[in-house]
Every structure is written in C-alpha cells, then in structure tokens.
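The values are calculated or read from the model by the stated rules, or taken from the named source; none is laboratory data. Since we're looking at a predicted model, the values are computed, not measured. Neighbour counts are summed over all protein chains in view; Cβ atoms, including those assigned to glycine, are modelled from backbone coordinates with ideal geometry. Ligands, DNA and RNA are excluded from the accessible area calculation, which covers all protein heavy atoms including side chains. Shrake-Rupley method; radii C 1.70, N 1.55, O 1.52, S 1.80 Å.
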Amino acid sequence: MTSSHPTVALPGEPGAAPWWTSAVVYQVYPRSFADSDGDGIGDLGGIRGRLEYLAELGVDALWLSPVYPSPQHDNGYDISDYREIEPVFGDLAEFDLLVAEAHERGIKIVMDLVVNHTSDEHAWFRESRSSRSNPKRDWYWWRKPQGDEGPPNGWGSAFSGPAWTLDEATGEYYLHLFAKQQPDLNWENPEVRQAVYSMMNWWLDRGVDGFRMDVINYIAKQVDLIDGPAPATGGGSPMGPQIHDFLQEMHEAVFARRDGEHLTVGEMPGVNTDDARLFTDPGRAEVDMIFQFEHVGLDQGANKFEVLPRSLPALKKNLAHWQDGLAETGWNSLYLNNHDQPRLVSRFGNDTEFRYESATLWALVLHLHRGTPYVYQGEEIGMTNVRFDSIDDYRDLESLNHYREAVDQFDLDPGTVLAGVQTMSRDNARTPMQWDGTEQAGFTTGTPWLPVNPNHTEINVAADRAAERSVFRFYQRLIALRHESPVVALGSFTLLDPEHERLYAFTRTLGDETLLVVANASDTRLDVPLPVDVTGAELVLANYPTPGGGSALGPWEARLYRL
Ligand code: TEU
C-alpha cells in the first residue's frame, strides 16, 4: 500500500505545519495519576508535582480527562458544572497554577470537553426535567412513550440497557446514549450550542490550549430516527449530517478569532476515513484530528467484551488504510490505548516474558506512523492490565452494567463473562500510576480508590528512570526523534508485506530521506529476508541491545533504519 509523497513546508518555514504535527500528547487520567492529599484519589496537586517527570519524558501537551464537578457515576464524564473544578481534584486556583507551571515548562494543557451530555445533576437538566413547560425542556431530548408505553424507539445505551429512561414526574422519556445519569443535550437547540461555546471561550480565556471532545460526533442526532414511526434498530451510529454545521459553527464562535494555536481532537466512534477527511480538512475548519475506533474494534465481537483472535495483517492494513485515507488531506491521531481501552502491552504484546520488548516494539511502530501520537499514562513504563478475581473488585460502570446484563438478563456463564471483563474492562487502564515500588506505588499515602496493580514492585517509574534500557528511556528517544526529524512527523507512509502474519514493516519518506521500520510482532525468532536491503543503512533506534546485523529478528525485536 503506498501513499503519495505530500509536499509540505517544514517546521519554521512559511506555511509550516501546525505545532501538533510534530507533537506528542500525554493523556492524564487525573483520578489515577497522583494523589497529593492522601484521600486515595488523584488530583491537580498530584499532576503539578509530576510536571518535571512529564517534561523529562518530553511530551508537548497534557490532555486531562474531566476534572469538573461531577457525581462521578462515569468518573467525571457526567458533568454537573462546566465552570468549576471537582473539589476532590482541587479548585480553580489550583487549576490556574497547573496551567501556569505547565506553560513554564513548554507543556500545553488540553481539557476534556464533554458536551454530548451532562450529568443528571446539572442545573440545566434539573430545570429541564422540572416540567414539560420549563424554558430548558428543549435543552434535552424528551419524547412521549411509544403508543401508550415503552421507549420512543429501540436505541440502546453504550452502557447496556435502553437509551431512554422514563421520568415519572412528567411522564416522558429522556435520551441517554450512555448512562441514565448522562442525559443527552439537544444540539438542535441554538441556546444549547451558544451556552457550550460561551463555556469553551471561558476556559480558553483562562489559558487552556485546546479540547479533546468527548463523542463529539454524537451531538448531531439522526433526528428522523428518534422520531421515526417504528422503533429504530439498536446499534449503528446516531450521528446525523448536521455534525459538520455544528463543528464549523463551534470553530467560528470559539477558535476563529484566536491565534490558531489551539488543539482540537474529536473522539468519534463509528466514523470512517471519508468522514475523517471532512472532519480534519483544515479548509473546513472543523477539528484538527479525531480519535477513530476501527483499529481498536478489530478484536471485538458482538460487543467489546467478546474478544476475537487478533490478526496482525488486519491491524497493519487498517492503520495503513487510515494513513492512506488522510495522506493528502486531514490528519491522524495515533493511539493504541487510553482510559477506555485495555493496556497496550497486554492487548497487543506479551506482558510477561517479553514485556519490555513488546511494549517498545508497539511504541516504535505507532510513533513512526504519520499523525500525532497520544501516550496514555503508564504506557511509557509498560504498565499492564490488572486481573481482579471478582466482579466486586471492578469499579467501571460499563463493565459492571455489562456483567449484570449478561449474567442476570441473558443468563450467561458468570465465569465466561468475568473473563471478558478481565480482558477488556476499562479498569485495566485505571489502576493507579505506578511511581515506585512502595506499598501504594507512590500514588497515594491513603487507600487508593482502585487497588494498585501488584506488579508495581517491578514495573514503576523509579525503576525505569534508574535504568538506561527501559520502556521510559525508549519513549524519551521516540519523542525526541519526532521533534528532531521532520520525516517522522511529515513523511509519507508505505506499508510493506501487508499479509505477513508476524513481520510489521513500513517506510516513511520525505524528500530524499527514507526511514524503514522492521518489527517481529511474535514470541519467536523471525528469520526472513527483510523487505528492503539494509546494507549500509544507519540503525537509528532498536529495542535489542545489540541487534544482529542480519535479517533475523528476535521475539518482539523492532528496528528503525535510515536508508
Ligand atoms: O467514550 C466514548 C465511547 O464510545 C465509549 O463507549 C468507549 O468507546 C467505550 O467505553 C470503550 O469501551 C467516551 C469517554 O472516553 C468514556 O470514558 C465515557 O464513558 C463516554 O464517552 C461517555 O462520556
């Protein structure tokens, strides 16, 4: 698969690519990052205390998962006040200090914008639900029962069960694509849109450098389906075509009058490359990049907890499809895990015998694709999934709702359902950051809200920083490489040997410079001729201490050559 060679101005030249094309963004899940007051929950003070670490890693921006006031049903993705800080995390003064101290180190702060829905405890929803005639009734999706009873249509919630809940007081249903505590805002209402834009400007005026926009493509519903005569089928995307109008209106109201330096990344489940070209075409002024979900859906069956065998060719070809799809217009984000996905090294690598090798192989492969890489907290030290032996030890709403529905409603085997939760639960990514080998991994002096992974005694920041050969040191080199070499940020992408079951190989080319990645994504030695002759090539980076000169690659061995 090949891409054309984009002609681009290099950083610093007139018309140079935006800063985020050569940047690396680090995702902080504040609840689990660092606790500064001993209550067992991470907070803004904890993040401030680790800014030196993040500067040493070399990241350019931090994306903070939500820190606004929230009842925490969905760990902050159910917001009850958009212009405050959840007291558990700190206050606005603490937030301003974090922004200032991050900026002093050249690190930008990107907030999580969750405006597809609010908390059911938000003042807007409390007013809206108070009566059918309340002026804010139309700020949410209210519908009469289908016939004399039952939800208006057959839409299901992403967190199990129906996407509609009956409000007894007014005898109408309200829509929630996620938990019933997360009612969907009605973006067809211009008052809603203006209230969101005003809030966004309030945060940007406070020094925030951009937004990660939570399920932002869902803000535009297929209204006809909601009001359709027959129950709509479950599944599929609720996204309506007016999404582009909404995003362009948002850009005009919030970003157009500013310096163009803000980052916007839209989380967009269910979109394809055709959609993404429209969303990320700079000429359309919608968003800079998106989080798409195709590659993290390849191992999922009927639902995310039904785990399918993984295929390297399928993954390679999908990521290449996105490289080709946005080669001429638009921009990719690059991620293999986040707060919603299992840990990268456990899902795609070998987190026992070859944890260092497979974590660094995937880091090299991902960071050498064309796009903006996102490093999820703990990924940079090879943190792994956790395995709780009882469903009672899990906290994730999505996992718990799934377990209850599968076991109680569909009568599935509890052991089988638990196994799916152990493999795919979002809690795998939410165990506390492992700073050192002490009792609570240096995360808290109290009792952590979610148990620390027992392997923190071996896998932790202190150990990795003390070692010359560690996952952390490898990520440092990758991030530095992206800053130093325009070909890493801007070069064209060509996948090699797409069908090979174990070899991952591709090139990046910019002008007369070509990089080659060759990697053996398997537990056994791979001795095949490399797709490109590397005789005389410069070995730029490798995850084996003394890579062989020949073509044989050890288990999970990855190499980067400059040809
Ligand atoms: O997730 C959006 C989403 O599609 C989720 O269903 C996600 O893909 C799923 O949890 C993966 O298993 C966003 C946030 O990232 C997530 O943390 C929130 O729970 C969700 O929206 C609702 O705000």
Next on the checklist: Tell me the mean residue ellipticity at 222 nm calculated for the chain from its helices only (DSSP H runs of n ≥ 4, each -39500 (n - 2.57), averaged over every residue, nearest 500).
Outcome noted: -7500 deg cm²/dmol
Next on the checklist: Please give the charge dipole size of the chain, origin at the Cα centre, charges +1 on K and R Cβ atoms and -1 on D and E Cβ atoms. Round to the nearest 20 debye.
Outcome noted: 860
Item to check | For the chain, the spread of Cα positions along each principal axis, largest first, Å | outcome: 76, 54, 48
Checklist outcome for this item: Counting only DSSP beta bridges fully inside the chain, the antiparallel percentage to nearest 5 is 60
Item to check | Length released on extending from Arg525 to Asp37, taking residue separation times 0.36 nm less the Cα-Cα span | outcome: 170.9 nm
Checklist entry - Can you give the relative contact order of region 123-175 as a percent, counting alpha carbon pairs under 8 Å and 6+ residues apart? => result 32
Checklist entry - For Glu104 and Asp274, what is the calculated FRET efficiency with R₀ set at 60 Å and r taken between the beta-carbons, to the nearest 0.05? => result 0.90
Item to check | Charge dipole of region 123-175 about the Cα centre (unit charges at C-beta), most positive-ward option of Gly147, Thr170, Ala123 | outcome: Ala123
Checklist entry - Given a cut-off of under 8 Å on Cα pairs at least six residues apart, what relative contact order in percent is computed for the chain? => result 15
Checklist entry - Relative to a virtual label point 7 Å from the Cα of Gln300 in the Cα→beta-carbon direction, which members of region 402-434 show backbone nitrogen distances below 20 Å? => result 402-407, 410, 416-431
Checklist outcome for this item: With the dipole of the chain defined by +1 on each Lys or Arg Cβ and -1 on each Asp or Glu Cβ, the option from Tyr394, Ser32, Tyr504 whose Cα lies farthest towards the positive pole is Tyr504
Checklist outcome for this item: Sequence order, region 290-302: Karplus ³J(HN,Hα) from phi using 6.51 cos²θ - 1.76 cosθ + 1.60, θ = phi - 60°, Hz rounded, Gly and Pro as x, gives 9, 9, 9, 10, 4, 5, 8, x, 5, 9, 10, x, 4
Item to check | Cβ-Cβ FRET estimate between Asp148 and Glu328, R0 fixed at 56 Å, reported to 0.05 | outcome: 0.55
Checklist entry - Considering only the other residues whose Cβ falls under 10 Å of the Cβ of Lys136, what net charge follows from Lys and Arg at +1 and Asp and Glu at -1? => result 0
Checklist entry - Tally Lys/Arg at +1 and Asp/Glu at -1 over every other residue whose Cβ is under 13 Å from the Cβ of Thr118; what's the total? => result -3
Next on the checklist: Counting only other residues whose beta carbon sits under 11 Å from that of Ala285, what net charge do I get with K and R as +1, D and E as -1?
Outcome noted: -4
Checklist entry - Pairing the Cα long axis of helix 190-205 with the longest principal axis of the chain, what angle in degrees results, from 0 to 90 and rounded to the nearest 10? => result 50
Next on the checklist: Sort Asp464, Asp281 by heavy-atom solvent-accessible area, probe 1.4 angstrom, most to least.
Outcome noted: Asp281, Asp464
Checklist outcome for this item: Using eta = 0.692 mPa s and T = 37 °C, Stokes-Einstein with Kirkwood Rh from Cα pairs puts D for region 348-458, in µm² s⁻¹, at 209
Checklist entry - What number, in percent, do you get for the relative contact order of region 106-150 if the mean sequence gap of Cα pairs under 8 Å and at least 6 apart is divided by its residue count? => result 21
Checklist outcome for this item: The answer for the chain, accessible area per residue at 1.4 Å probe in Å², is 36
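Starting from the residue with the highest accessible area, list Asp91, Asp427, Asp148 in decreasing order, probe 1.4 Å.
Largest accessible area first, the list is Asp148, Asp91, Asp427.
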Item to check | Between 0 and 90°, nearest 10: helix 471-484 axis offset from the chain longest Cα axis | outcome: 90
Checklist entry - So how tilted is helix 92-104 from the main axis of the chain? Cα-based, degrees 0 to 90, rounded to 10. => result 20
Checklist entry - How much accessible surface area, in Å² rounded to 10, belongs to the heavy atoms of Glu104 with a 1.4 Å probe? => result 140
Item to check | Close Lys-Lys pairs in the chain, where close means Cα under 25 Å and separation is 8 or more or interchain | outcome: 10
Next on the checklist: If I model a spin label as a point 7 Å beyond the Cα along the Cα-Cβ vector, how far apart are those points for Asp167 and Glu261 in nm?
Outcome noted: 4.3
Item to check | Accessible-area order (highest first, 1.4 angstrom probe) of the listed residues Leu334, Leu166 | outcome: Leu166, Leu334
Checklist entry - So between Leu92 and Leu308, what do we pick up on full extension, going 0.36 nm a residue minus the alpha carbon distance? => result 73.3 nm
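Assigning unit charges at the beta carbon (Lys, Arg +1; Asp, Glu -1) and nothing else, what dipole magnitude in debye, to the nearest 20, does region 399-443 show about its Cα centre?
Dipole magnitude for region 399-443 comes out near 160 debye.
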Next on the checklist: Could you check the spin-label model distance between Thr546 and Glu353? Points 7 Å from the Cα along Cα→Cβ, value in nm.
Outcome noted: 2.3
Checklist entry - For region 353-454, which GluC sites (Glu not before Pro) are both in a DSSP coil and crowded by at most 13 other Cβ atoms within 10 Å? => result Glu353, Glu439
Next on the checklist: Treating only the Cβ of Lys, Arg, Asp and Glu as charged (+1, +1, -1, -1), what charge dipole size does region 491-562 show about its Cα centre? Round to the nearest 20 debye.
Outcome noted: 160
Checklist outcome for this item: region 190-316, convex hull of Cα, quarter of hull surface, nm² -> 10.1
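What's the carbon and sulfur percent of the chain's accessible surface, probe 1.4 angstrom, rounded to a whole number?
50
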Checklist entry - Given a 1.4 Å probe and the protein chains all in place, what does the accessible area of Trp124 round to, in Å² to the nearest 10? => result 40
